[in-house]
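In what follows, a structure is listed as C-alpha cells, so that the remarks can point back to it.
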Amino acid sequence: MIESFIAVNSNTIYSIGNITSLLILIPLIIFIWLAIKSKDIKSFQFQLMVFILMYFIGQVIENNGDRVFFSILPKDFGSQIHVSAAAFFTIVILFRFYYAKPRKKKMIDNYKDDID
C-alpha cells in the first residue's frame, strides 16, 4: 500500500516537472523571438531570454537527473543553475535600475521609440 502510494507520488512529481518544463518553454520561445527582433544584446528582452534559458536548462537537468547523460552531474546541479539564474535576474534588474535613474531613462525598452 505505502509502496504504491510512493510510486504514484514520484510519477506525479515527475510529470509535474515535465509540465513545468513545457510551461517554461513557451516564454523562452517568445523571448527568443523578441530578442532576435530587437537585435541588441543590451535589450531587456535579450536579458530575460538568457534568464529563462538558464532556468529552463536547470529545470531539464533537475527533471532528468537520473538519466544516463545527466547522471554524471551532481544531484543538486539543476538547483544550482536555478539559483544562478535568480542571481543573474537580480543583477540585471539592479543594474537597469541603477543606470536608468540618474539618466532619467525608462527601465524597460520600448519598440515604438526605436521604430520612429
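Any read-out appearing in this document is the output of simple, stated calculations on the displayed coordinates, not a laboratory observation. Everything numeric in this text was worked out from a predicted model, so none of it was measured. Because the Cβ atoms are built from the backbone with ideal geometry, glycine has one as well, and the counts that use them run over all protein chains shown.
Listed values, structure above:
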quantity	calculated
Count of residues meeting criterion [of a type in the set (A, V, I, L, M, F, W, C) and farther than 14 Å from F89 by Cβ] in the stretch 29-56	8
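Rundown of residues vs (1) among the β-branched types (V, I, T); (2) within 12 Å of I24 (Cα to Cα); (3) touching a Gly at 6+ places or on another chain (Cβ under 9 Å); (4) without any contact (Cβ under 8 Å) to a residue 60 or more places away in the chain, yes/no style:
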site	(1), (2), (3), (4)
S38	no, no, no, no
I41	yes, no, no, yes
F44	no, no, no, no
M49	no, yes, no, yes
I52	yes, yes, no, yes
G58	no, yes, yes, yes
E62	no, no, yes, yes
L73	no, no, yes, yes
